[in-house]
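The values are calculated or read from the model by the stated rules, or taken from the named source; none is laboratory data. If you're wondering where the values come from, they're calculated on a predicted model, not measured in any experiment. Note that each Cβ is placed from the backbone with ideal geometry, even for glycine, and that neighbours are counted across all protein chains shown.
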Amino acid sequence: MLKVFISHSHEEKDLALAWQTLLQHVSQGAIEVWLSSDTKPSGGMRIGAEWRDNIYQKLAAAHFVLAILSPRSMDRPWIMWECGVASGTNKERGVIPVVYSMPLSEFDGPLATYQAYQGDDREKVIEICERLMVEAGLTPRREYWGPIIDTYMASVRVHKPPRLATASAVAVWMRRIDSYVNEGRTSELPGLMDAMYASLGTTSPIDIQIHDLFSKVFLEEQNYSRALSEVDKALSLVPDDLGLLHRKVLILLEQHDLLAARDTLKNIFVEFPDARYLPEIAGLEGRLHRELYESEGRTEELEQAIKAYEIAFQNDPMNYYCGVNVVTLSLMAGRVDQARDTARKVLELCLQLQSRDNVSFWVDFTIGELKLVLGDYDAAIAAYSTGLQRNPSPRPRQCETALKGVRRVFHAARLDPEKLVDFENTLRREGQP
């Protein structure tokens, strides 16, 4: 009896089972097919057996190894090991690479030295069956195989492994995404993203550049669920990228998922102990504790928020972002004199920065918040108006962030609520909700 061992990844076991069914039916049981994921009582791994020895025995007994390969699995070391063991134990043993979701011209690697077949090409599948039938001493009867092949092809269509995202394909999609962003068509990006995944036949991670850009744009568009999905895909490719981890915490905070944000931030500090001295990370930590304070009312959360911002500001006084948050949170804690003293120091820094070329609107917004703390309403409004005229100009989400800071100052300092309307009108002039 001809024995065929099917080597496959866990994700592609359905294709392996489809081949098992196909070969057993066309040979009417004359070809014995074994695969580790076979769950039938008489198939798969022998109960109680040491798995490596069990697989080695099956490889040693097999006449052919049929290796199922796709862009997702072609470099899996386990498949390489099984095929290597097979060819090493018997040089006459055949290895049959069966390739899915990529042309044979792009199939490369150690198994490319063998004759490969396209697993989603009906005629090539039939050719494999006929050749194995001949090896088994049987006479192929392809005229009877129609329904059996149809069943196999249906299994392939259902499984549909992802296509190979080549460098050229990634470049094409990056140009398309950039084009949509540059043309102001960001509201259409979800449709473009869905088209990309449909075209590539996968929703699995594709390329760090694509997921990084999508997550950034969706965050700005306040499409937080898509932003989180994309940043997670990016992190699956580069799990230790601090910029992506920062964005993930920011997205979770925007979603008000404070527990998940806290857990992710804790993981950052475990991997990067000095990260809390970085202004961007300190800003996340401070914001997390501030929002916990606002939702739970526990003063220890407010104190932790102040401490987080203070650490970064003291480490580098140029971090005006952390400085203004120390000011506003100190005001919320009732330390008015301390808040105003710090406000003057941060304001001096921001006025120096404002005199430079290529000033960020965040400098103007910070000046506005500081002037408000110091009681100068007109100067505060003027600073926010200046920020709105910058190029690049603030996006709606950033204007809303600035407005939240204004509201906190009004509430903490018990300012005239009627004057708040002027700030809301100013920061919403770009069509804010």
Practice task
State whether one or more residues within the range 290-309 are exposed (fewer than 15 other Cβ atoms within 10 Å of the Cβ), assigned to a helix (DSSP H, G or I), touching a residue at least 12 places away in the same chain (Cβ under 8 Å) and not assigned by TED's automatic domain parsing to the domain that holds Leu250.
Solution key: no
Practice task
Using the structure shown, decide if Val346 is among the aliphatic types (A, V, I, L, M), within 17 Å of Asn391 (Cβ to Cβ) and touching a residue at least 24 places away in the same chain (Cβ under 8 Å).
Solution key: no
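Restricting to the range 263-286, count the residues that are part of a helix (DSSP H, G or I) and surrounded by 17 or more Cβ atoms within 10 Å (Cβ to Cβ).
From the range 263-286, those part of a helix (DSSP H, G or I) are 263-271, 273-277, 279-286; that's our starting set.
Okay, now just the ones that are also surrounded by 17 or more Cβ atoms within 10 Å (Cβ to Cβ), so 264-265, 268, 275-276, 279-286.
Result for the range 263-286: 13.
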Practice task
Can you give me the ranges of the helices (runs of 4 or more DSSP H) entirely in the range 135-233 with at least 1 residues that are small (Gly, Ala, Ser), in contact with an Asp or Glu (Cβ under 7 Å, 6 or more places away or on another chain) and in the same structural domain as Glu11 (by TED's automatic domain parsing)?
Solution key: 146-159
Exercise for the section: Give me a count of the residues in the range 307-355 that are of a type outside the set (A, V, I, L, M, F, W, C) and under 37 Å from the mean Cα position of the chain (by Cα). Expected result: 15
Exercise for the section: Give the number of residues within the range 396-430 that are in a loop (DSSP other than H, G, I, E, B) and modelled with pLDDT under 90. Expected result: 3
Practice task
Would you confirm whether any residue within the range 262-282 is in contact (Cβ under 8 Å) with a residue 40 or more places away in the chain and either more than 23 Å from Phe313 (Cα to Cα) or not β-branched (Val, Ile, Thr) (or both)?
Solution key: yes
Exercise for the section: Among residues belonging to the range 98-114 that are of a type outside the set (Val, Ile, Thr) and closer than 12 Å to Ala67 by Cβ, point out the one that is nearest to the chain's Cα centre (by Cα). Expected result: Tyr100
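Criterion first (at pLDDT below 95, surrounded by fewer than 22 Cβ atoms within 10 Å (Cβ to Cβ) and closer than 18 Å to Val125 by Cα) does Lys13 satisfy it? Show your work before the answer.
Details: at pLDDT below 95: yes; surrounded by fewer than 22 Cβ atoms within 10 Å (Cβ to Cβ): yes; closer than 18 Å to Val125 by Cα: yes.
Yes; evaluated as a whole, the condition is true for this residue.
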Practice task
Quickly run through the range 206-240 and pick out the residues that are hydroxyl-bearing (Ser, Thr, Tyr), surrounded by 21 or more Cβ atoms within 10 Å (Cβ to Cβ) and free of Cβ contacts under 8 Å to residues at least 24 places away in the same chain.
Solution key: none
Exercise for the section: Return only the number of the condition from (1) touching a Pro at 6+ places or on another chain (Cβ under 6 Å); (2) over 22 Å from Glu424 (Cβ atoms) that Phe361 does not satisfy. Expected result: (2)
Fill in the blank from the handout: Of the candidates Pro392, Pro417, Pro396, the one satisfying the condition of being farther than 16 Å from Met332 by Cα and touching a residue at least 40 places away in the same chain (Cβ under 8 Å) is Pro396
Fill in the blank from the handout: Given (1) in a helix (DSSP H, G or I); (2) under 26 Å from Ala171 (Cα atoms); (3) more than 11 Å from the chain's Cα centre (by Cα), Ile251 misses just (2)
Exercise for the section: Tell me which residues, restricted to the range 55-70, are aromatic (Phe, Trp, Tyr) and at pLDDT 85 or above. Expected result: Phe64
Practice task
Residues being closer than 18 Å to Asp14 by Cα and in contact with a Ser or Thr (Cβ under 9 Å, 6 or more places away or on another chain): count how many of those fall in the range 103-128.
Solution key: 2
Exercise for the section: Go through (1) within 26 Å of Arg276 (Cβ to Cβ); (2) surrounded by fewer than 21 Cβ atoms within 10 Å (Cβ to Cβ) one by one and return the number of the condition Val336 breaks. Expected result: (1)
